[in-house]
Amino acid sequence: MKFIIRDDDTNYFSKVEDIQRWYGQIFQRGIPVGFSVVPFVKKESDVRTSRDSVEGREYPIHKNDALIRYISGNPLIEVMQHGCTHETKNGIFEYRRTEGLVEETHRGKDELEGAFKTPIRVFVPPHDALYNHGVLAVESASMDIIRGTGSRNFMLRPAYARAWITMVMHRVHFPKKVSMPAYPYVVDFGKHKEAYAVRLNDDNLEFLLQALRYVARKRGNFIVTNHIFTNNDGRMRNLSVLIEEARKLGFSFTKPSELFSDEKD
């Protein structure tokens, strides 16, 4: 049983002191964190940037030297790819587009690997939103995927037929979506694998504890998603409670890519 912390939206405008403020005590306890990093941001990106950012200009992550040095020097941090620019265009989330994502995915991965000097193995779609073209783009870049509570895609592959049945059965057991934990196992889609996450809020501790205990009964994996730009003390208190409960239940605390190294669906 693996316990994973995922934090989304790190980008050029992120600050080292914010990571230290919110996760310093987590690191002191030897617990890894996976940061979903946006390779390039613009003023138009739907993540926190800066009032001083210039419309139409891209800000690549490698230009933030202090952030690169800090993350690269912390062995408890794993970098994951979080889209390419995290832009929503005409109301369509970035990885729900139907063209152009193969090139963008490779461009983003190249930027991250060049900046952090490490292989990028895991992709996190912006807003947990992912259509088939996005899946194919991620597969072309040889990454696995961490996303929301389960898969909603279907392709003409035997693995997708099995996964579709699995997801339906999981949802049948939890007719109220708000009370449904993420599917607790890694699913192998043939050309990539997927794992699923629940979101950390400051008012959903009871749901998260129920989800964690459900996963423990299933001997599965638990991924919790946070966003450092909108973080607060309440969320971190809830995360601490989850960590203590996970220790009692026998979870190990690992980096995201370790989910995919030895798991089967």
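Just a few scattered comments:
- Scanning the range 218-242 for residues being within 15 Å of M180 (Cβ to Cβ) and free of Cβ contacts under 8 Å to residues at least 60 places away in the same chain gives a total of 1.
- Filtering N231, N238, N226 for residues that are surrounded by 17 or more Cβ atoms within 10 Å (Cβ to Cβ), within 22 Å of H82 (Cα to Cα), in contact with a helix residue (DSSP H, G or I) (Cβ under 6 Å, 6 or more places away or on another chain) and not hydrophobic (A, V, I, L, M, F, W, C) leaves a single hit, N231.
- The range 175-204, subset of a type in the set (G, A, S) and modelled with pLDDT of 95 or more, residue nearest to the chain's Cα centre (by Cα): A197
- On inspection, R107 qualifies as within 20 Å of the chain's Cα centre (by Cα), in contact (Cβ under 8 Å) with a residue 60 or more places away in the chain and surrounded by fewer than 18 Cβ atoms within 10 Å (Cβ to Cβ).
- Just one of the listed residues (F27, F35) is part of a helix (DSSP H, G or I), at pLDDT 95 or above and either touching a helix residue (DSSP H, G or I) at 6+ places or on another chain (Cβ under 8 Å) or under 22 Å from R121 (Cα atoms) (or both), and it is F27.
- Residues of the range 69-97 that turn out to be surrounded by fewer than 19 Cβ atoms within 10 Å (Cβ to Cβ) and either among the hydrophobic types (A, V, I, L, M, F, W, C) or farther than 22 Å from S142 by Cβ (or both), as a count: 11
- Qualifying residue in the range 231-241 (condition: out of contact with any strand residue (DSSP E or B) (no Cβ under 9 Å at 6 or more places or on another chain), part of a helix (DSSP H, G or I), under 22 Å from R21 (Cβ atoms) and of a type in the set (V, I, T)): yes
- Filter result for V102 (among the aliphatic types (A, V, I, L, M) and out of contact with any strand residue (DSSP E or B) (no Cβ under 8 Å at 6 or more places or on another chain)): yes
- Residue count for the range 65-83, restricted to those that are within 15 Å of D8 (Cβ to Cβ), outside any strand (DSSP E or B) and in contact with a Phe, Trp or Tyr (Cβ under 7 Å, 6 or more places away or on another chain): 2
- Among the residues making up the range 45-65, those that are over 19 Å from H227 (Cα atoms) and charged (D, E, K, R) are R51, D52, E55, R57, E58, K63, D65.
The values are calculated or read from the model by the stated rules, or taken from the named source; none is laboratory data. Source: prediction; values computed, not measured. Glycine also receives a Cβ, built like all others from the backbone with ideal geometry; neighbour counts cover every protein chain displayed.
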